[in-house]
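What follows is one structure encoded as structure tokens, with my remarks underneath.
We did not get these values from a lab; they are worked out from the coordinates using the rules stated. Predicted, not measured: the structure shown is a model, and the values here were computed from it. Every residue, glycine among them, receives a Cβ derived from its backbone with ideal geometry; neighbour counts consider all protein chains shown.
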Amino acid sequence: MSTLETGRNFLKAVLWQEGGRETSDQQRGVPHPPLALPAPEGSQTVELIPPERFTVGDIPLRQAIEQRRSRRRFAEGALSLEELSFLLWATQGVQRVVRDGLATLRTVPSAGARHPFETYLLVQRVQGLDAGLYRYIPLEHKLCFLAEIPHLAEKVTEACLGQEFVGQAPVVFAWAVVPYRTEWRYASRSHKVIAIDVGHVCQNLYLACEGIHAGTCAIGAYHQEKADALLQLDGDEEFAVYLAPVGKLHPADR
Ligand SMILES: Cc1cc2nc3c(=O)[nH]c(=O)nc-3n(C[C@H](O)[C@H](O)[C@H](O)COP(=O)(O)O)c2cc1C
């Protein structure tokens, strides 16, 4: 099979059809994997502003949809912790744990409510946060600090194949997938729906950015191994799938 055929077949739903459904670990009775990764033991955590206290982001939906654009330049300034809290909630915020602790309902949809993503942040300019690598803890709406990253801007640019505007952003969202979270339920039917799922996450980021006079740009062109190394991922059970730099709107885009 050519690589084009392999790619096209990945987009088809044939694996869902009668006869093509292999047994999943869920059907075999294997216990479900954690809903999200916990903060590493002993790591420093940062409380975020809870959604009921948000004072930002309240613009009409139609305006957000009309104004949304991919932004490749940003203002010099920092994001506030409340703005960052709003963006994290809008993209992966947990609203409810359901099915006896087996699934979460969040601000974005996900096939089978599996929510297989982890959100990493490469922070350079967010008020109240030291620069470095963080991970969102969605069940607690907190951040955990993972590491200082020397030469962060250069490394982000390099991981994004020389796209300098990514390295210049105050914060870069980087979504990693833990594929087993979806595979547990859907086996090899998982990968198409995982790719669809992550699009919803990034679209909410685009719309939420409009609500805080910020901008983002989806990044699908990146170097897999370099991005995984930067995010300190094993590249197998967890690996990068999508990135998005965020910053306040450049004066010329306001
Ligand atoms: C899956 C995906 C991957 C993308 N990857 C990149 C990228 O690596 N670099 C970039 O500058 N823009 C990237 N974009 C942004 C598109 O170029 C942009 O959406 C398109 O030009 C239309 O512009 P608009 O978003 O302002 O409507 C990506 C968009 C999507 C949806």
Scan region 46-94 for GluC sites (Glu not before Pro) in coil per DSSP, keeping those whose Cβ has at most 12 other Cβ atoms within 10 Å, and list them by number.
-> GLU76
Radius ratio Rg over Rh of the chain, counting only Cα atoms, Kirkwood formula for Rh = 0.97
Whole-Hz couplings from phi, Karplus 6.51/-1.76/1.60, listed for region 94-107; x for Gly and Pro | 8, 9, 7, 9, 10, 6, 6, x, 8, 8, 10, 9, 10, 6
Given labels modelled 7 Å from the Cα in the Cβ direction, how far is it in nm from ARG96 to GLU41?
-> 3.5 nm
Per-residue ellipticity at 222 nm for the chain, helices alone: DSSP H runs ≥ 4 residues times -39500 (n - 2.57), over residue total, nearest 500 deg cm²/dmol?
-> -9000 deg cm²/dmol
Mind checking which helices in the chain clear 27 Å along their axis (Cα) and have mean Kyte-Doolittle hydropathy of -1.0 or more, DSSP H runs only?
-> 190-211
Of the listed peptides 93-104, 10-21, what is their order by residue-averaged count of other C-beta atoms within 10 Å, with the highest listed first?
-> 93-104, 10-21
Given the peptides 219-226, 84-91, arrange them by the average over their residues of other C-beta atoms within 10 Å, most packed first.
-> 84-91, 219-226
Using eta = 1.306 mPa s and T = 10 °C, Stokes-Einstein with Kirkwood Rh from Cα pairs puts D for region 138-242, in µm² s⁻¹, at 105 µm²/s
When the chain is fully extended, how far beyond the present Cα-Cα distance does ASP253 get from SER2, taking 0.36 nm per residue of separation?
-> 86.0 nm
Inter-label distance, nm, simple model (7 Å from Cα along the C-beta direction), HIS151/ALA221 = 2.3 nm
Quick one: in region 1-92, what % of C-alpha pairs are over 23 Å apart?
-> 62 percent
Using a simple spin-label model with points 7 Å from Cα along the Cα→Cβ vector, what separation in nm is obtained for GLU66 and LEU105?
-> 3.1 nm
How much length is gained if the chain between GLN26 and VAL14 is pulled fully straight, taking 0.36 nm per residue apart and subtracting their Cα-Cα distance, in nm to one decimal?
-> 2.3 nm
Filtered GluC sites (Glu not before Pro), region 108-211: DSSP coil and at most 16 other beta carbons within 10 Å | GLU140, GLU148
